[in-house]
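The values are calculated or read from the model by the stated rules, or taken from the named source; none is laboratory data. This structure is a prediction, so every number in the text was calculated from the model and none was measured. Here the Cβ is made from the backbone with ideal geometry for all residues, glycine too, and neighbour counts use every protein chain on show. Surface accessibility is based on the protein's heavy atoms, side chains included, excluding ligands, DNA and RNA. Shrake-Rupley method; radii C 1.70, N 1.55, O 1.52, S 1.80 Å.
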Amino acid sequence: MAIYAVGDIQGCYDELRILLNAIRFDPDEDVIWFVGDLVNRGPKSLKTLRFIKGMGKSAICVLGNHDLHLLALALTGSAPGSSNGLKKLLAAPDRRELIEWLRHRPLAHYSKKLDTLMVHAGVIAQWGVKDVLTHANEVENALRGKQPEKFLAAMYGKKPARWSDDLTGNDRLRFITNCLTRIRFCNSKGELDFDEKLGPKDAPDHLKPWFQLPGRKTADTRIVFGHWSTLGLMDKPGLLALDTGCVWGGALTAVQLDGPGVLVEVPSQQPKKF
């Protein structure tokens, strides 16, 4: 048995199938962790979602911002941002089953055996692993409840930018969602910044990557994440970043989480966009 993690797919179905063949993935023996953003922007979001749903227990997925965007479109009828890669999915005859499956995915996954936490984007310094799972569950309960459209309609926005235990209602859920699915940089006050999307070397001096903030309570736990294509592959003690920009013409990357840490990269078949 092997446990792998794979970066943002975003509808790049063909590259995913090539990658699974390259690692000789056996769904009866192996498990693969998906860091979120299964859909959107790429050419085959529908096939991707159907395939990963069909993998059953051999696939462990967390929700990314593009997955949440799909849920918002499907359950509220409108959402800001691009949906060009989702039109076929939204018109599919099995749309309802796919959306139901997706809205029951978690925002965070933790393996005690591997002491490894997976989220789509990152975590703030104040949260330990238990905090991440607890707060992720708050959003999961909203998504899995009887009226998920109420949360999804209020999900978009950059405020509040800073965490407080006193946050309530949609402000609280929005911050948790932004942290786990959109975070890249924070300023010295611990406020989330969503304007800067380049890599750390190109960022303004007043911003730091979330994983470099002092006093981060998850520093002793390995965190697997995606979302940040301009960061690229980063495999160092405690941090494994896997978004290597497949949808932008980069590559789709998988790393083995147990055992020797095998790394496999499949070149993108998409035209380069940066």
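Total residues in segment 109-147 satisfying the condition of being under 14 Å from Leu173 (Cβ atoms) and not basic (Lys, Arg): the figure is 12. Within segment 195-232, the residues that satisfy the criterion of being within 16 Å of the chain's Cα centre (by Cα) and open to solvent by less than 60 Å² (accessible area, probe 1.4 Å) are Trp210, Phe211, Ile223, Val224, Phe225, Gly226, His227, Trp228, Ser229, Leu231, Gly232.
Within segment 168-194, the residues that satisfy the criterion of being open to solvent by 30 Å² or more (accessible area, probe 1.4 Å), outside any helix (DSSP H, G or I) and either among the hydrophobic types (A, V, I, L, M, F, W, C) or modelled with pLDDT of 95 or more (or both) are Thr168, Arg184.
The requirement of being touching a helix residue (DSSP H, G or I) at 6+ places or on another chain (Cβ under 6 Å) and open to solvent by 60 Å² or more (accessible area, probe 1.4 Å) is fulfilled somewhere in segment 35-46, by at least one residue.
Residue-wise test of (1) open to solvent by 50 Å² or more (accessible area, probe 1.4 Å); (2) part of a helix (DSSP H, G or I); (3) over 17 Å from Ala254 (Cα atoms).
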{"site": "Gln10", "(1), (2), (3)": "no, no, no"}
{"site": "Asp14", "(1), (2), (3)": "yes, yes, no"}
{"site": "Phe25", "(1), (2), (3)": "no, no, no"}
{"site": "Leu63", "(1), (2), (3)": "no, no, yes"}
{"site": "Asp67", "(1), (2), (3)": "no, yes, yes"}
{"site": "Leu75", "(1), (2), (3)": "yes, yes, yes"}
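Got at least one residue in segment 259-267 being in contact with a Pro (Cβ under 9 Å, 6 or more places away or on another chain) and farther than 19 Å from Arg17 by Cβ? No; the residues of segment 259-267 include none that is in contact with a Pro (Cβ under 9 Å, 6 or more places away or on another chain) and farther than 19 Å from Arg17 by Cβ. Is it fair to say Ala91 is small (Gly, Ala, Ser) and modelled with pLDDT of 95 or more? It is false that Ala91 is small (Gly, Ala, Ser) and modelled with pLDDT of 95 or more. Restricting Gly128, Gly169 to residues that are out of contact with any helix residue (DSSP H, G or I) (no Cβ under 8 Å at 6 or more places or on another chain) and in contact (Cβ under 8 Å) with a residue 40 or more places away in the chain narrows the list to Gly128. For segment 233-253, indicate whether the set of residues that are farther than 19 Å from Leu68 by Cα, open to solvent by less than 10 Å² (accessible area, probe 1.4 Å) and among the hydroxyl-bearing types (Ser, Thr, Tyr) is non-empty. Yes, there is a match, as at least one residue in segment 233-253 is farther than 19 Å from Leu68 by Cα, open to solvent by less than 10 Å² (accessible area, probe 1.4 Å) and among the hydroxyl-bearing types (Ser, Thr, Tyr).
Number of residues in segment 27-47 that are part of a strand (DSSP E or B) and in contact (Cβ under 8 Å) with a residue 40 or more places away in the chain: the value is 2. Taken over segment 99-118, the residue count meeting the criterion of being crowded, with 21+ Cβ neighbours inside 10 Å and over 14 Å from the mean Cα position of the chain (by Cα) is 1. Residues that are out of contact with any Lys or Arg (no Cβ under 9 Å at 6 or more places or on another chain) and farther than 26 Å from Lys112 by Cα number at least 3 in the following strands (runs of 3 or more DSSP E) confined to segment 206-274: 263-267.
What number of residues within segment 85-137 satisfy the criterion of being among the acidic types (Asp, Glu) and over 30 Å from Gly42 (Cα atoms)? Summing the residues that are among the acidic types (Asp, Glu) and over 30 Å from Gly42 (Cα atoms) in segment 85-137 gives 2.
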